[in-house]
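Step one of this worksheet: look at the structure below.
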């Protein structure tokens, strides 16, 4: 009897260990719907993210939706019809700030969307409520503001530093305020599944230029997660090349400032753990020659162990 039970116990133990290992080492799938800042309305900041194997995505910003989903279909990153993917697979929106290159896709595609939450700091949601989802500007598809309220979207305010479940997904989120052309604010979102994390920063300036301590506090918060090997990737913007004058950054980073921020993170973390974090470059602005210069300066300035990812619209990424 014991000889029959022992192999079964061994198999069950191996299965349990494998399941535990998979939970501990969650991978994320990212579908970039838009990767640029600036004036290309077909390719503005927006990233679908879900745990690998799940189709329950949340959108990190929403500058471009429909055109980005169509690109993803063309690249076979997504399957189906664009409108149905937005309706069924995007379960909600995390909006870092209310500049049009981060919300225009959400607004213009709202008539084709379905019931879901819009998450953000109260100050961000108030702009959506008072400036965009109004009957003079468009229509009020939300649950607050001008009447009649169509109640397709529910504003879900996030308190800084608190953790919230993202409805319809397996993920959770914690929000942190950023400075984006002080006194204008933006947001960083720490998205988690089990014990794995991804950090997405909306537009942000460097503390020394913004006269702020927002990034310093954020790096101190995430350092223990990096040291534990749980933070898989950081989405961080680099909008302009190094030649851009400080007075014309308008709350953005250059490659020089990007590497300055990375050195601050590195000083707070274990060297081996830091090297395992991928950095996804977002929000580079046009024209194309400027974008090429930003990429060249980043590649030239990076250490050999630093993992830089330059996302392309519609091409899926796997973050391990």
I'm trying to understand the selection: among the residues of segment 1-53, which are assigned to a loop (DSSP other than H, G, I, E, B), at pLDDT 90 or above and more than 22 Å from residue 238 (Cα to Cα)? 27, 52, 53
The lone condition residue 113 fails out of (1) touching a helix residue (DSSP H, G or I) at 6+ places or on another chain (Cβ under 7 Å); (2) buried (at least 18 other Cβ atoms within 10 Å of the Cβ) is (2)
Scan segment 202-211 and give yes if some residue there is at pLDDT 95 or above, surrounded by 21 or more Cβ atoms within 10 Å (Cβ to Cβ) and either in a strand (DSSP E or B) or out of contact with any helix residue (DSSP H, G or I) (no Cβ under 9 Å at 6 or more places or on another chain) (or both), otherwise no. no
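Right, residue 280: in contact with a helix residue (DSSP H, G or I) (Cβ under 8 Å, 6 or more places away or on another chain) and either farther than 18 Å from residue 214 by Cβ or in a helix (DSSP H, G or I) (or both) or not? So that I can check it myself, show each step before the final result.
Numbers: in contact with a helix residue (DSSP H, G or I) (Cβ under 8 Å, 6 or more places away or on another chain): no; either farther than 18 Å from residue 214 by Cβ or in a helix (DSSP H, G or I) (or both): yes.
Spelling it out, it is not the case that residue 280 is in contact with a helix residue (DSSP H, G or I) (Cβ under 8 Å, 6 or more places away or on another chain) and either farther than 18 Å from residue 214 by Cβ or in a helix (DSSP H, G or I) (or both).
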Tally of residues being under 29 Å from residue 208 (Cα atoms), exposed (fewer than 15 other Cβ atoms within 10 Å of the Cβ) and in contact (Cβ under 8 Å) with a residue 40 or more places away in the chain across segment 162-195: 1
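Could you identify the single residue in 110, 123, 77, 82 that is under 24 Å from residue 317 (Cα atoms) and touching a residue at least 40 places away in the same chain (Cβ under 8 Å)? Don't jump to the end; show me each part of the working.
Numbers: 110 fails: under 24 Å from residue 317 (Cα atoms); 123 fails: under 24 Å from residue 317 (Cα atoms); 82 fails: touching a residue at least 40 places away in the same chain (Cβ under 8 Å).
Answer to the check: 77.
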When residue 290 is run through (1) part of a helix (DSSP H, G or I); (2) exposed (fewer than 15 other Cβ atoms within 10 Å of the Cβ), the failure sits at (2)
Whether any residue in segment 133-155 is part of a helix (DSSP H, G or I) and more than 22 Å from the chain's Cα centre (by Cα) is what I want to check. no
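The values are calculated or read from the model by the stated rules, or taken from the named source; none is laboratory data. Treat the numbers as computed from the prediction; the structure is a model and nothing was measured. Cβ: placed from backbone, ideal geometry, glycine included. Neighbour counts: every protein chain shown.
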